[in-house]
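The values are calculated or read from the model by the stated rules, or taken from the named source; none is laboratory data. Keep in mind it's a predicted model, so treat the numbers as computed, not measured. Here the Cβ positions follow ideal geometry from the backbone for every residue, glycine too, while neighbour counts run over all protein chains shown.
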């Protein structure tokens, strides 16, 4: 298992007391991975320390405000490519099939394109495969990092680390297109309601429909394996 990818997955998970208790171990894993630059490892420390020491209810509220109520910070990757269109449904069906082919059965109620779930899966894959998959999402990581930087949020360091591990340079035009989307204040409930008033996800029959970037992501992940263990917490 790639313990760094697993640790980054946990940092982006909903805060719990169990997660807080695991922060010293997670911090140690991230601090020792020389694939990350010294600057990237230092940038992750404030988030690790905050998750370890801050009141759990404050952490939960912060997480919901950032990632659940702000659509432009959604941790569901296909949201940033397809919105709630039929194409997103087809892509998620393909992603579920990819998980199953890799022997991965996530025990969660989250959608399959939820980033912590994807990272948990990738932590079980060969590094070259996980790196190529991260590279396909480089523009999304860069845009999320930029939006979180505007909010002075330490969570941005996670996306910067993922971008660095991808070994890719984010496409500037793709990043600019994402950043051009309205960034609604999560405290503005009326504006949030307007943003979320879109068609529901429809699981279409064509898993190859939609954005080429998503097809590339799925193609990189769809590599046959003899067996792959389900992900377990960082050790």
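Selection of segment 1-39 for residues being in a helix (DSSP H, G or I), in contact (Cβ under 8 Å) with a residue 40 or more places away in the chain and over 23 Å from residue 114 (Cα atoms) yields only 25. Candidates in segment 96-114 are the residues that are touching a helix residue (DSSP H, G or I) at 6+ places or on another chain (Cβ under 8 Å) and assigned to a helix (DSSP H, G or I); of these, the one that is farthest from residue 4 (Cα to Cα) is 98.
Any residue at all in segment 165-175 that's surrounded by 21 or more Cβ atoms within 10 Å (Cβ to Cβ) and in a helix (DSSP H, G or I)? Looking for residues that are surrounded by 21 or more Cβ atoms within 10 Å (Cβ to Cβ) and in a helix (DSSP H, G or I), one finds at least one in segment 165-175, hence yes.
Does segment 39-54 contain at least one residue that is at pLDDT below 90 and under 17 Å from the mean Cα position of the chain (by Cα)? Within segment 39-54 (the criterion being at pLDDT below 90 and under 17 Å from the mean Cα position of the chain (by Cα)), the answer is no, since none of the residues qualifies.
For residue 13, the criteria (1) buried (at least 18 other Cβ atoms within 10 Å of the Cβ); (2) more than 19 Å from the chain's Cα centre (by Cα) hold in every case but one, which is (2).
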